[in-house]
1. So the check is Cβ under 8 Å with 6+ separation or different chains; which pairs have a first residue in the range 3-17 that's in a loop (DSSP other than H, G, I, E, B) and a second one that's not basic (Lys, Arg)?
2. What's the total number of residues in the range 150-175 that are within 12 Å of the ligand (Cβ to nearest atom) and assigned to a helix (DSSP H, G or I)?
3. Pull out all pairs, ordered by first then second residue, where Cβ-Cβ is under 6 Å, the residues are six or more apart or on different chains, the first lies in the range 200-211 and is among the small types (Gly, Ala, Ser), and the second is in a strand (DSSP E or B) and at pLDDT 95 or above.
4. State which residue pairs qualify: first residue buried (at least 21 other Cβ atoms within 10 Å of the Cβ) and inside the range 96-123, second residue assigned to a loop (DSSP other than H, G, I, E, B) and charged (D, E, K, R) in any location, beta carbons under 6 Å apart, and separation of 6 or more residues or different chains.
5. Inspect all residues belonging to the range 141-154 and state whether any of them is among the β-branched types (Val, Ile, Thr), closer than 23 Å to residue 6 by Cα and surrounded by fewer than 19 Cβ atoms within 10 Å (Cβ to Cβ).
Amino acid sequence: MPLYQITNFNDSTQILVWKITESLEELQDEVLLNDINAIRLNGMKSQMHQRAFLSVRKLMLEAGYSDFDLYYDQFGKPYLKDGKHISITHSHEFSAIIISDKIVGIDIELQREKIVLIADKFVNENELHRLKSKGVQDYIKKLTVKWGAKESVFKIRNEQGISFKNHIWVYPFEINEKKATALLQMESVKKQFSIHFEEIENFTLVYAFEKN
Ligand SMILES: CC(C)(COP(=O)(O)OP(=O)(O)OC[C@H]1O[C@@H](n2cnc3c(N)ncnc32)[C@H](O)[C@@H]1OP(=O)(O)O)[C@@H](O)C(=O)NCCC(=O)NCCS
């Protein structure tokens, strides 16, 4: 199944999700890459990564863009030539993009029990304590939202030296609220982000907008 869903979040923001079931050959037949990205695709070791990379271009086509409208900076952050903002994510059989007039970041993560083992690497003691005191229900889901929120904020800021644990906090939220607020505090920078999330099969899709 190719295009999985399109969400028109508001007048200027679209989120598009692809479920990658096509073979590499099928996707290659349907997508034209610019020279830099063709070289990049050829250099990828995993076929799953190649399929995800091409599926993102299928999503761009759905949104009215091609690979020729896209470029990356030296850190790997993608930009659209028309000045709109784009963020990209892929994980296993899903890929997603967000395109907006606003500054945005997106992340999709598989919900895994393993996240509990690395929680103390990306969530500070206060956040962890509050999550645990609420009981095990939703613990993995909430940790996955926090991880996705922090990745999304990182993708917005694209700043070296950001620590998920020490510089980005996600305020308490409930899974059924489908939204939260995050704070980035680092040196002289203090910024808030609105976070939105939803479940897609056993994945969590998270996206973030920088607040004014
Ligand atoms: C770069 C990074 C954001 C990618 O995230 P990921 O979850 O591994 O992978 P995703 O599929 O969600 O995202 C990959 C996409 O992010 C985008 N991306 C890569 N570097 C980026 C950057 N510096 N800024 C914004 N977006 C970036 C790219 O579009 C990339 O896909 P593409 O190259 O195929 O177009 C991530 O690896 C990273 O460096 N995170 C922060 C570092 C960190 O502190 N991590 C652990 C803390 S405990």
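1. So the pair list comes out as 12/100; 12/101.
2. Number of matching residues: 12.
3. Matching pairs, first to second residue: 208/105; 208/193; 208/195.
4. The qualifying pairs are 99/84.
5. Scanning the range 141-154, I find no residue that is among the β-branched types (Val, Ile, Thr), closer than 23 Å to residue 6 by Cα and surrounded by fewer than 19 Cβ atoms within 10 Å (Cβ to Cβ), so the answer is no.
The values are calculated or read from the model by the stated rules, or taken from the named source; none is laboratory data. None of these values were measured; they are calculated from a predicted model. Note that each Cβ is placed from the backbone with ideal geometry, even for glycine, and that neighbours are counted across all protein chains shown.
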